[in-house]
Amino acid sequence: MSRVAAALAGVAPGEALREGGPAVAGARPDATVTPTSVEQLAGVLKVASAQGFGVVPVGGGTDPGPVPPLEPFVVLSTRGLRGVETYEPADLTMSAWAGTTLGELQDVTGAHAQWLPFDPPSMPTRTLGGLAATGVRSPLCASYGAPRDHILGLTLVTGDGRVLRLGGRVMKNVAGFDLVKLLVGSRGTLGVVVSVTVRLFPRPEREVALVMEADRAEDLVAPARAVATAPVLPASAVLAAGFRTTAAGGAVRAASLVVRVAGAPGTVAADAARLQAHVGGSFRTVEGAEAASLFEDLRDHAAAGEAVVRMASLPASVGDLLAAVAAVPGPVHVLADTMVGTVRMAAEGLSGEAWAELRGVAARLGGGCVLERGPLELLDVPGASPADSRVEALTSELRARFDPSGVLWRGRSP
Amino acid sequence: MVGRDHVITEAGRLLVYESDGLSAYRWPPRAVVLPASAEEASGVLRLLHAEGIPVVPRGAGTGLSGGALAPEGAVVVGTARMNRILAVDPPNRLARLQPGVLNTRLSDAARPFGLYYAPDPSSQAACTIGGNVAENSGGPHCLKYGVTSRYISGLTLAMVDGELVQIGGAGRDPEAGYDLVGLVVGSEGCFAMVVEVEVRLLPLPEAVRTLLGIFESVEAAARAVTAIIGEGLLPAALEIIDQGTIRAVEASVYAAGYPTDAGAALVVEFDGTEAGLDEDARRAEACCLAAGAREVRRARDATERLALWQGRKKAFGAMGRVAPDLLVQDATVPRTRLPEVLGRIGEISRRYDLTVGNVFHAGDGNLHPNILFDRRNREELERVEKASKEIMALCVEAGGTITGEHGVGVDKRGYMRLVHGADEIEAMRGVKAVFDPRGLFNPGKVLPDEEVP
């Protein structure tokens, strides 16, 4: 038994602890712990803080990032903490344990015609805790808002094992500093989220996809911009390229602009007509099961590949990002959220030069460009935008307040 | 640095700054400085920091929790001259502005482009965006649209030592780094001074439908709210006005034509695409009638819409005329607990022999029990304080919190331990110390005093 596993045997007995476990971004954990209570989980962090080994919190494991944690470390899985704590449909709120998957939650809320309006890649297998920890953005955020806007409260175990109950379960809450916002998107560097309360939304009665296709993505930039500046806000709008759908709707050409319109039946028809009139081009309308399967394909589009890159800019600059991606050699899939101006790209054999070029374009636009996953060598390619030193200082001091021994996610910056 | 005219030290001119919307307190500041730009604010803070002088950032002073009050020896840095809209950017649906811009001025500037700024606190004609950022302000329309934090995409801060730091920004990667913007919004001027704001704008809704349901009781109106949400409808606003408030409004110059024998009125508003609104309104009307509404009025035009809103919008003004002083309370409970909590607030007010009027954002469960009193009557003031405390404890017990949109300020520091444990309060104190290690920013606000062991 490794030193680390031996140290944990006292706090996480039996089933909860096993030696080794799946690698995280290529690094091998000494042990994997799956606590079944908050006390057990806090115990793991206290032992880690006392003994000085690293802890990597993992939920659904869908979003590990490219950077391997420093060794030695243990994987702390939240999957032993699962299930709905409270769900009051008339309040449109739900509290659930962090290890509950979003797929499980959508099933529970769907029975009451409600949902969590988030559609990141691999949505069903992501956990609620992971949603809070990553704060992941997805196309529906353009109309519904992001996880940060709808996570009303969470329970956190800090790096040194303190249990903090932050926020609450009401819609509006300004009682003290908003530490929930600090935690959402902190990627396991401040603590382990063990329970989350979210705001839910009524599930739209009807959804349609307005689809426009072209041989080249650049031909769809103008209509996408028209949608983004239209007087009616669609649920989402994405531009997918290098993409052929397998859904019953027939072959999609090289690039597609897909506008999702949702709401009451009468509203959807009227919104679709207004968008059509504003854009001027002609959309094909896709409905029902075909639309649902198209949304699912798009959700996971450009999320798998040897390298996955996330770029950000202003909505009006999305064409510049797409042009930069189009210049990348090799097979490339891309999904642009044209409402907010972000692009996700999946590429095989992304070269250091191409990666540096992408970062250069993003930097010139004042935006961002990060590797969501990919070969480690790319991390060494220079050219990242310089970080503000005061922001860096605030970041590291905040981190030290929540994780004084520095055990959480060693090697990763938030 | 800012010009002699913009440093106020004479007792007479300082009077304006000795209280804010929480009129029970009067704390005269040591001085008031009014910079006109981020650079001037930075210079002022650098100087005050070097001298170790505490700073209170202040917008329009409309806050209802005493957040802009200056404790002993503190200098107020006001944003009154930082009132320029720097850019409206329709292609990106953004605007950049200085913190002293009034909330309504921003929407006015965006309207020619078919855009508007969604958060609309009731004081929007008088309050500033900087103040909204500090308080994470709400308003009647946040049921559908959310609160201020959702619309703030970036901030420029003057840190306690004067350094200017940019955080967030709409074009930046929203997933990179900690959400410092989210952390600073709602921090009540305790972390840094906001000197520039970037906001997201929304397209103006095509049309609006406004209904007014008249009910025999507040509980029945609250049941209608639950039914409307249960229908899967998402109104832009759901506001309840109780009998006491209706009577105060009807007895005032703001008379809105609400029946004075009604137990409560419920304003329901839908906005969005014209085509769907009549159906939404029809379904909401059916919910009201099923919950026992005696009538449901529907506004046919903009004038009628304003009339239906009148009783809600003028409630505070009308209540204020009934007694010398009005304590505007603020708490949030889960929406389904509203009928029970309202009943118990009624019991508390009877027990303390106080008049409490309820006007509130029912869709969010955000209560505003308004207590009438006369601050010269010390015995009554004591009863007001006791009743307030019981109402807060009641809301917390019902799964709610001590403030939904007005902030903690000085007023609710004493209630913080009702909702937060010692570890949570220490965590908040630790975060404040990261921004402001010497405790110079807005001292004596938000956090309760340290517990004496």
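The values are calculated or read from the model by the stated rules, or taken from the named source; none is laboratory data. Given the structure is predicted, the values throughout are model-derived calculations rather than measurements. Here Cβ is always computed from backbone atoms with ideal geometry, including for glycine, and neighbour counts include all displayed protein chains. What goes into the accessible areas is simple: the full protein's heavy atoms, side chains included, and nothing from ligands, DNA or RNA. Shrake-Rupley method; radii C 1.70, N 1.55, O 1.52, S 1.80 Å.
So, B:Ala87, is that one open to solvent by less than 40 Å² (accessible area, probe 1.4 Å) and in a helix (DSSP H, G or I) or not?
No.
Of everything in the stretch A:222-237 that is part of a helix (DSSP H, G or I) and in contact (Cβ under 8 Å) with a residue 12 or more places away in the chain, the residue that is farthest from the other protein chains (Cβ to nearest Cβ) is A:Pro223. In the stretch B:106-132, the residues that are touching a residue at least 40 places away in the same chain (Cβ under 8 Å) reach residues that are polar (S, T, N, Q) and open to solvent by 20 Å² or more (accessible area, probe 1.4 Å) with C-beta atoms within less than 7 angstrom, at least six apart or across chains, in these pairs: B:Ser123/B:Thr62; B:Ala126/B:Thr62; B:Cys127/B:Thr62; B:Gly131/B:Thr62. For the stretch B:132-235, the strands (runs of 3 or more DSSP E) that sit wholly inside it and include 2 or more residues that are facing chain A (nearest Cβ under 8 Å) are B:164-168.
Is the stretch A:101-118 home to any residue that is among the hydroxyl-bearing types (Ser, Thr, Tyr), within 26 Å of B:Ile229 (Cα to Cα) and in contact with a strand residue (DSSP E or B) (Cβ under 6 Å, 6 or more places away or on another chain)? Within the stretch A:101-118, one or more residues are among the hydroxyl-bearing types (Ser, Thr, Tyr), within 26 Å of B:Ile229 (Cα to Cα) and in contact with a strand residue (DSSP E or B) (Cβ under 6 Å, 6 or more places away or on another chain). Against the condition outside any strand (DSSP E or B), among the polar types (S, T, N, Q) and within 27 Å of the chain's Cα centre (by Cα), how does A:Thr36 come out, does it pass? It is true that A:Thr36 is outside any strand (DSSP E or B), among the polar types (S, T, N, Q) and within 27 Å of the chain's Cα centre (by Cα).
Listed here are the residues, each with its yes/no results for (1) in contact with a strand residue (DSSP E or B) (Cβ under 9 Å, 6 or more places away or on another chain); (2) more than 28 Å from B:Ser153 (Cβ to Cβ).
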residue	(1), (2)
A:Ser317	no, no
A:Val325	yes, no
A:Gly330	yes, yes
A:Gly341	yes, no
A:Ala346	yes, no
A:Leu358	yes, no
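Considering the stretch B:284-296, and only residues there that are in a helix (DSSP H, G or I) and touching a helix residue (DSSP H, G or I) at 6+ places or on another chain (Cβ under 8 Å), the residue that is most open to solvent (accessible area, probe 1.4 Å) turns out to be B:Ala290. The residues listed here are A:Gly168, A:Gly129; of these, the one that is open to solvent by 10 Å² or more (accessible area, probe 1.4 Å) and farther than 27 Å from B:Gly272 by Cα is A:Gly168.
In the stretch B:280-337, the qualifying residues are those that are more than 30 Å from B:Arg376 (Cβ to Cβ) and among the acidic types (Asp, Glu), and the one that is farthest from the other protein chains (Cβ to nearest Cβ) is B:Glu295. The conditions of being open to solvent by 60 Å² or more (accessible area, probe 1.4 Å), within 14 Å of chain B (Cβ to nearest Cβ), more than 21 Å from the chain's Cα centre (by Cα) and at pLDDT 95 or above are not met by A:Ala42. Is it the case that the stretch B:413-422 has a residue that's farther than 21 Å from A:Phe402 by Cα, facing chain A (nearest Cβ under 7 Å) and among the hydroxyl-bearing types (Ser, Thr, Tyr)? The answer is no, given that none of the residues of the stretch B:413-422 is farther than 21 Å from A:Phe402 by Cα, facing chain A (nearest Cβ under 7 Å) and among the hydroxyl-bearing types (Ser, Thr, Tyr).
Of the set (1) more than 24 Å from B:Leu22 (Cα to Cα); (2) crowded, with 24+ Cβ neighbours inside 10 Å, all apply to B:Gly63 but (1).
Quick one: is B:Glu40 among the charged types (D, E, K, R), open to solvent by less than 80 Å² (accessible area, probe 1.4 Å) and at pLDDT below 95? It is false that B:Glu40 is among the charged types (D, E, K, R), open to solvent by less than 80 Å² (accessible area, probe 1.4 Å) and at pLDDT below 95. Screening the candidates A:Pro329, A:Pro375 for the property of being modelled with pLDDT under 95, open to solvent by 50 Å² or more (accessible area, probe 1.4 Å) and out of contact with any Phe, Trp or Tyr (no Cβ under 8 Å at 6 or more places or on another chain) yields one hit, A:Pro329.
Residue-by-condition table, conditions (1) more than 14 Å from every other protein chain (Cβ to nearest Cβ); (2) in a strand (DSSP E or B); (3) among the acidic types (Asp, Glu); (4) on the phi > 0 side of the Ramachandran plot:
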site	(1), (2), (3), (4)
A:Ala5	yes, no, no, no
A:Thr32	yes, yes, no, no
A:Ser49	yes, no, no, no
A:Gly61	yes, no, no, yes
A:Gly65	no, no, no, yes
A:Gln106	yes, no, no, no
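Please pick out the residue among A:Val174, A:Val198, A:Val208 that is within 17 Å of A:Ala96 (Cα to Cα) and either part of a loop (DSSP other than H, G, I, E, B) or more than 9 Å from chain B (Cβ to nearest Cβ) (or both).
Numbers: A:Val174 fails: within 17 Å of A:Ala96 (Cα to Cα); A:Val208 fails: within 17 Å of A:Ala96 (Cα to Cα).
That would be A:Val198, the only listed residue that is within 17 Å of A:Ala96 (Cα to Cα) and either part of a loop (DSSP other than H, G, I, E, B) or more than 9 Å from chain B (Cβ to nearest Cβ) (or both).
Going through the stretch B:172-206 one residue at a time, which ones are among the small types (Gly, Ala, Ser), over 22 Å from B:Cys142 (Cβ atoms) and modelled with pLDDT of 95 or more?
Answer for the stretch B:172-206, where residues must be among the small types (Gly, Ala, Ser), over 22 Å from B:Cys142 (Cβ atoms) and modelled with pLDDT of 95 or more: just B:Ala192.
Residue count for the stretch B:412-438 satisfying the condition of being under 21 Å from B:Gly365 (Cα atoms) and either at pLDDT below 95 or part of a loop (DSSP other than H, G, I, E, B) (or both): 2. Quick check on the stretch B:395-402. Is at least one of its residues more than 14 Å from chain A (Cβ to nearest Cβ), touching a residue at least 60 places away in the same chain (Cβ under 8 Å) and assigned to a helix (DSSP H, G or I)? Among the residues of the stretch B:395-402, not one is more than 14 Å from chain A (Cβ to nearest Cβ), touching a residue at least 60 places away in the same chain (Cβ under 8 Å) and assigned to a helix (DSSP H, G or I), which makes the answer no.
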